[in-house]
Structures are given as structure tokens and as C-alpha cells.
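Just below is one structure, and these are the notes that go with it.
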Amino acid sequence: MIEGISIYELLTVSTILFFIGVYGFITRKNLISVLISVELILNGAAVNFVVINKYLYPEVLQGMIFSIFIIAVAAAETALAISIIINLYRKISSVEVKEVETMKN
Amino acid sequence: MERIIFYALALIMIASALASVMSRRMLRSVIYLLFVLCGVAGVYFMMDYNFLGAIQLTIYAGGIIVLIIFSVLLVHHIEMRMEIAKTSKLLFTGLACALGMAVFLSVIYSYEFEVTGQSSGTEVIDIGEKLLDYGEGGFILPFEVISVLLLAAMVGAIVIAKGTALAENKNENT
């Protein structure tokens, strides 16, 4: 644990990060910006796992290993999303969310 | 001392996160995201989770940011500004997020966490043994599943990104 910092402050920071990510996810109109917001959300969740692991159960490693898995899944997700975005850009020359609807059929 | 460092980190993280979701320039928003990720790594380092902080720096700040910057440079003009949503939508979403945040924070602050005082540093060898442990409480199965998932994601990314070109080559060959 960090000297002089209570668990509430750390959880507050991670909650704020999470909701800023949600805000960006809803308001942004660009696929890459949506991806950035998803990264923020994942980071908020990972910080939460680590903080609860460190403050409440310091003798086990479960939370830490879960955040390692979160990082691995985020890397895979980013690679896939970016390949889809680049492929879309080749086809419709745009990465705006509303343009992507034309790909449905 | 730790308090000051933590508050500075938290301030940088929150300000950069806000700037990252509000900036109208693509590349700047990615760089602000980089600041957030480095701040999170700093928090991990402060909690004595050195391995996790190093992973955060190398994979997130080193790998994912570079991927996103590449895709921004490939699909965007640097000078182009993004259009933003309508003001009413922005306000409504901000209000909804503030409401959700208030609910979360009220739940967090009303719960009594039983914080244990003692804590020891974590060695990398413990993490490795835990990941490869096939006994009770071990993580060998998710570890293997993650490796298969990464392989599948890489193959899928290559196939999607080169989809039409691969298909055309095949048609020419036959």
C-alpha cells in the first residue's frame, strides 16, 4: 500500500477514469477516438483490480494476474480493431461512426 | 512525500484523460492517452508492483500507443479537426456520467473496507509460479487460453487487414 493514501482515494481516481472513458465512448464520433476511450475504461478497471488486491488481500496475487490478463486482452483487441479500421478506411475512405452504417449490407 | 507524488499523478491522469476525450485533434488525444497510461504505471510502481508497472509501460505505452499513432497517421490528416457531437448530447452524456459516478462514489464511500496493514513487495518469481501453477488456485488454464487468444487475434488481424489482396492473389493463381 502507499503510505498515507487510503483505498478510497485510489478507488475515486479509478472511478473518475472509468467514467471519463464512458463519456468519451458515447460522445466521440470517430472510431479511433472510441478505441482510445475503451483503453481508458480498461485502465480504470485494471487499477481497481490492483488496488483491491494490494489493500485488502496483500498476501495473494489474484488481482494483479487479472490485470495482466486485462492488458493482454487489450493488446489483442487494439490490434484487431486497428486492422478493421484500416480495412474500412480502404473501402469507404472514412473512419466516422455514422459512415460505417453503409457497410451493413 | 508519497502523498504529494500521488496527488500530482492523480491530477495529471484526470486532466489528461479529460483532455484526451475532449481534444478535437486526433494525434493530441492519443498523446494525452499516453500521459494517462504513464500515470497508471506510476501508481503501480508506488504500490510496489514493479512487474505490473513495467508491463504497463512496455505494452500499453510502448505497443498500443504506437499502434494507435500509426493508424491515426494512416487514416487522418494531421491538421484535420474532428467534428463534435451536438451540445445537448454532450450535456446529457456528461450529466449521465456524473450521475453514474456519484452512485459509484457513494457506494464506495459508504462501505467499510477492512484494510490490512502489512504488505510485502512482490517478486517476479511469485507471479511466474502462480501463472504456471496447475494446482488449486493456479492460473495455467487462463494463461494458455490467453496465448491461444493472442495467436487468433494476430492471425485475424492479418487476414482482415489484407483480406481483399489475399483473395485476389488466390484467384490469380488458380
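Here is a yes/no grid of residues against (1) of a type outside the set (Lys, Arg); (2) surrounded by 10 or more Cβ atoms within 10 Å (Cβ to Cβ); (3) part of a loop (DSSP other than H, G, I, E, B); (4) at pLDDT below 80:
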| position | (1), (2), (3), (4) |
| --- | --- |
| B:THR93 | yes, yes, no, no |
| B:GLY100 | yes, yes, no, no |
| B:LEU105 | yes, yes, no, no |
| B:ILE108 | yes, yes, no, no |
| B:GLU112 | yes, no, yes, no |
| B:GLY117 | yes, no, yes, yes |
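Of all residues in region A:62-98, how many are surrounded by fewer than 18 Cβ atoms within 10 Å (Cβ to Cβ), closer than 19 Å to B:ALA161 by Cβ and more than 7 Å from chain B (Cβ to nearest Cβ)?
6
Kindly indicate whether B:THR93 is farther than 16 Å from A:VAL50 by Cα and more than 7 Å from chain A (Cβ to nearest Cβ).
No, not satisfied.
Is it fair to say B:MET101 is within 10 Å of chain A (Cβ to nearest Cβ) and under 21 Å from the mean Cα position of the chain (by Cα)?
It is true that B:MET101 is within 10 Å of chain A (Cβ to nearest Cβ) and under 21 Å from the mean Cα position of the chain (by Cα).
Of all the residues that make up region B:115-145, how many are more than 18 Å from A:VAL50 (Cβ to Cβ) and at the interface with chain A (Cβ under 7 Å from one of its Cβ atoms)?
Count: 0.
Give B:ALA153, B:ALA165 a once-over and let me know the one that is at pLDDT below 85 and either more than 10 Å from chain A (Cβ to nearest Cβ) or assigned to a helix (DSSP H, G or I) (or both).
It is B:ALA165.
Against the definition (at pLDDT below 85, acidic (Asp, Glu) and in contact with a Ser or Thr (Cβ under 9 Å, 6 or more places away or on another chain)), how does A:GLU59 come out, yes or no?
yes
Run down B:ILE84, B:ILE55 and say which single residue is under 25 Å from A:SER93 (Cβ atoms) and touching a helix residue (DSSP H, G or I) at 6+ places or on another chain (Cβ under 8 Å).
None of the others qualify; the one that does is B:ILE84.
Can you give me the number of residues within region A:1-52 that are polar (S, T, N, Q) and more than 7 Å from chain B (Cβ to nearest Cβ)?
Qualifying residue count for the region: 3.
Among the residues of region B:102-146, how many are among the polar types (S, T, N, Q) and in contact with a Lys or Arg (Cβ under 7 Å, 6 or more places away or on another chain)?
1
The values are calculated or read from the model by the stated rules, or taken from the named source; none is laboratory data. Worth saying up front: this structure is predicted, and the values here are computed from it rather than measured. Counting neighbours? That spans all protein chains shown, and the Cβs are built from the backbone with ideal geometry, glycine included.
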